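Only one structure is covered here, and it is reproduced in the block below.
The values are calculated or read from the model by the stated rules, or taken from the named source; none is laboratory data. Note that the structure is predicted; figures quoted are calculated from it, not measured. We place every Cβ from the backbone using ideal geometry, glycine too, and count neighbours over all the protein chains shown. Protein only, heavy atoms only, side chains kept; ligands, DNA and RNA dropped before computing areas. Shrake-Rupley method; radii C 1.70, N 1.55, O 1.52, S 1.80 Å.
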Amino acid sequence: MKLRLFVLRCIATAAVVFTAISVNAQGKLTPELLWKLGRVSEIQLSPNGNTLLYGTTWYNLAENKGNRDIYTLGVNGGTPVKLTTFEGTDFNAIWRPDGKKIGYISTSSGDAQLWEMNPDGSGKTQISFYPGGINGFSYAPNMKNILFIKDVKLDKTVQDVYPDLPKADALIIDDLMYRHWDSWTDFAYSHVFVAAYTDGKLGDSKDLMPGEKADCPLQPGGGMEQIAWSPDGSKIAYTCKKLKGLDYAISTNSDIYLYDLATGNTEDLSIDNQGYDMEPAFSPDGKYLAWTSMKTPGFEADKSRIILMDLATRKLTDLTANFDQSSSNLKWHPTEAGVLYFISGINATYQVYNVNVKTGVIKQLTTGPHDYTELAVGEKVVAGIRMSLSSPSEIYTIDASGKETQISFTNKEILAGITMGKVEERWIKTTDGKKMLTWVLYPPDFDKTKKYPALLYCQGGPQSAVSQFWSYRWCLQMMAANGYIVVAPNRRGLPTFGQEWNDEISGDYGGQNMKDYLTAIDTVSTDPWVDKNRLGAVGASYGAYSVYWLAGHHEGRFRAFIAHCGMFNLESWYGSTEEYWFPDYDLGGAYWEKSAGKNYDFSPHKFIGNWDTPILVIHGGNDFRIPYTEGMQAFNCAQLKGVPSKFLFFPNESHFVTKPQNSVLWQREFFKWLDNYLK
């Protein structure tokens, strides 16, 4: 249940104000404009450190589809060079280790296959022809092999069992994890393969996981960051959770496996840790392997540590033992011995850090109101993709002093005509005497002599920071552009404020974090420009659960609610979800077990008798984390209670609304509902 959230307010300290990126006071964000913006991702530095490789996705709203192309850009900026023009998907672009070719995956021939081109985009050549295509790849540093990931069918379909019934349409299920996030089982598993490679030619391939009913990378969201070559090309480290069915559904125990190409042997390097182990990264000299690791079994939001293994002695060191923050995106400096770069969250922002593995010293390189989401580290330059509440993702370089320089301007022309609302940071005192960071966003044409309706933004996760994220649906600037003051609190249970703050939501869904929400909106609503009689609350996933909970406990504060893909009845949700490690940890187990205690008493459906406020319920038909029947229950009960309500249902969307026209419809209905009750 991962989404994101925000809030703002200051007690005892002066508010810190961050201004927007635009100067034109005439233009405001619209749903249609959001889909004109290019989305930058997957940065890679050339071997000589002079050129960045990346992809940008553009969408055509009328055609309801997107197109992703590959670009290069000098590390000092300039005009990007577009390398591909295929009207479809080109992704996983990486430099060949000698810098003479760029490899990438394209669907231009039908299936997703490996292609190569010259660095200027010429000479495009398909080099793989695997039936069904591949999903990712990387070159061995010595260029003697490539590895790739491909689906392998290992389970039997109905037709395999009953070949005389070719038109039978059914699934025969005898174990859990028969569906996950947004997909039913396809009887296949993602495996890692190795194939010989010689100057654009592939030899025979070998499955590193023959017969194993397990996925690498982890499903549904894992990528090539979960697989790594050793510097000499002799070994491959990969992430895998080698569990199946019920065992998989109740466990977060993924491990780091080391495969030796010469012997064919596989070793489990993290066998003693029962939580997540992911993102292996070899040091340039091959002496160390680092990876991210969570210690607590079943807790998907535990502190993500950086574990370092000395490959000669197998000694393990926790590089972040005294660092009360989670870490991700591990990247070694190619020449500076023992320096590892990473991204970590602090006070609802995500910054770039490095650690000297010899001294253990951790250094924060960047500061400010923004989030870094990707890193590329070269000998002379560090580059990253950066976003903020007021700006979509662009590429920045970072020098040794931490100075950040924007070098891509993908959306400059579009944004030049848009005025963003002011973003303010406030620290609000909670009911238990702590301080909570809350973002407050103001309409672009804010006038302090007027009164404005306000929205409480309830974050999902439940452990997912209300950081400086830019969203193409839960866009807080879009809410501000529609004339709302947005209150986005980093309530209890959100990361980047230390593990204690993060952990204080598990087993307390209806407790302190709900008090934090109410404290945030109550505090901000004392501002003279906030109309206390026109307050709304909105949220998705755990944020929608929060909206359902507040609907039964808000004591007349709010005049409108919107809940997207939320848990309404914790018992029915437990019986229909798929990743059981999540409720087993956060709720203490199944609702019939004593270990759960009173946690299921926090179920919003038990307080439907108190509902009296208009509510818009939104859900996707392919959401298997929180099945759409939860939204149906909430809407049906509201209707039976006579509460003004509407159900916006997307049969082919999942936990997220991703199709362009569906997203625009979402925005239109969202503000139509709010405007009707708050304006």
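What to note about this one:
- When the convex hull of its Cα atoms is projected in every direction, mean area for region 274-381 (nm²): 6.9
- Working note: Cα gyration tensor of region 182-250, eigenvalues times five, square-rooted, sorted largest first, giving semi-axes of 26, 14, 11 Å.
- Taking the average, over residues, of other Cβ atoms within 10 Å as the packing measure, peptides 642-649, 308-315, 101-108 rank 101-108, 642-649, 308-315 from highest down.
- Computed from Cα atoms, the angle from the helix 512-524 axis to the main principal axis of the chain rounds to 60 degrees.
- When shorter helices are ignored and each DSSP H run of at least 4 residues is given -39500 (n - 2.57), the per-residue value for the chain at 222 nm works out to -3500 deg cm²/dmol.
- Rounded to the nearest 20 debye, the dipole magnitude of region 151-308 is 180 debye, with +1 charges on Lys and Arg beta carbons, -1 on Asp and Glu beta carbons, and the Cα centre as origin.
- When Rg and the Kirkwood Rh are both derived from Cα coordinates, the Rg/Rh ratio for region 611-679 amounts to 0.99.
- Two-decimal Rg/Rh across region 411-561, once Rg and the Kirkwood Rh are taken from alpha-carbon atoms: 0.96
- The angle separating the long axis of helix 660-678 from the principal Cα axis of greatest extent in the chain is about 20 degrees.
- For Ser128, residues with placed amide H under 5 Å, excluding near neighbours: Leu114
- Region 348-447: trypsin sites (Lys or Arg not before Pro) falling in loop per DSSP and having at most 11 other Cβ within 10 Å: Lys358, Lys403
- In this structure, the amide hydrogen of Ser393, modeled 1.01 Å from its nitrogen in the peptide plane, lies closer than 5 angstrom to those of Val40, counting only residues at least 5 positions away or on a different chain.
- Based on alpha-carbon atoms, the Kirkwood radius and the radius of gyration of the chain give Rg/Rh equal to 0.95.
- Accessible surface of the chain, 1.4 Å probe, proportion on carbon and sulfur as whole %: 50
- Ratio of the Cα radius of gyration of region 50-184 to 2.2 N^0.38 Å, where N counts its residues: 1.38
- Reported value for region 508-575: 80 Å³ per residue, from the convex hull of its C-alpha atoms.
- The convex hull built on the alpha-carbon positions of region 327-422 has an orientation-averaged projected area of 6.6 nm².
- Computed FRET value (nearest 0.05) for Thr658 with Asp527, which takes r as the C-beta separation and R₀ as 35 Å: 0.45
- Alpha-carbon centroid distance for the pair region 83-148 / region 359-408, whole angstrom: 27
- Cα long-axis angle, helix 542-551 against the chain (0 to 90 degrees, to the nearest 10): 10
- Using distinct alpha-carbon pairs, which all enter the 1/r mean, Kirkwood radius of region 83-127 in Å: 10.4
- Between region 298-353 and region 645-660, the C-alpha centres lie 37 angstrom from each other.
- Here the peptides 244-250, 623-629, 158-164 are ranked by packing, the mean other Cβ count within 10 Å, and the order with the highest first is 623-629, 244-250, 158-164.
- Applying the Karplus relation 6.51 cos²θ - 1.76 cosθ + 1.60 with θ = phi - 60° to region 27-38 yields 3J(HN,Hα) values of x, 10, 5, 10, x, 5, 5, 3, 7, 8, 6, x Hz, where x marks Gly and Pro.
- Simple Cβ-charge dipole of the chain, Lys/Arg +1 and Asp/Glu -1, about Cα centre, in debye nearest 20: 1960
- When the charge dipole of the chain is built from unit charges on Cβ atoms (+1 for Lys and Arg, -1 for Asp and Glu) and taken about the Cα centre, the candidate among Tyr189, Thr519, Tyr548 whose Cα reaches farthest toward its positive end is Thr519.
- Given R0 = 41 Å, the distance between the Cβ atoms of Lys144 and Leu171 translates into a calculated FRET efficiency of 0.45.
- Taking a point 7 Å out from the Cα of Asp310 in the direction of its Cβ, the residues of region 323-354 whose backbone N falls within less than 19 Å of it are 337-340.
- Packing-based ranking, highest mean first, of 667-678, 174-185, 70-81 given that Cβ atoms within 10 Å are counted: 667-678, 70-81, 174-185
- The 3J(HN,Hα) values that the Karplus relation (6.51, -1.76, 1.60; θ = phi - 60°) gives for region 149-162 are, in residue order, 10, 8, 6, 10, 6, 10, 9, 8, 8, 4, 5, 5, 7, 10 Hz. Gly and Pro appear as x.
- For a modelled paramagnetic label at Ser183, 7 Å from Cα along Cα-to-Cβ, the residues of region 204-226 in reach, with backbone nitrogen under 20 Å, are 207-226.
- Site pair Asn322 and Asn347 shows an inter-label distance of 2.2 nm when each label is modelled 7 Å from Cα along Cα→Cβ.
- Shape of region 560-679, Cα gyration tensor, a/c cut at 1.5: oblate
- Phe409-Thr57 FRET efficiency (beta carbon distance; Förster radius 25 Å; 0.05 resolution): 0.90
- Extension reserve of the Asp151-Phe607 stretch, reckoned as 0.36 nm per residue once the Cα distance is removed: 159.6 nm
- The residues of the chain present an accessible area of 39 Å² per residue when probed at 1.4 Å with all protein chains retained.
- Residue among Cys216, Met278, Gln639 farthest towards the positive dipole end of the chain, charges placed on Cβ: Gln639
- Per-residue HN-Hα couplings for region 106-120 [Karplus 6.51, -1.76, 1.60; θ = phi - 60°; Hz; x = Gly/Pro]: 9, 9, 5, 9, x, 5, 6, 10, 7, 10, 10, 8, 6, x, 8
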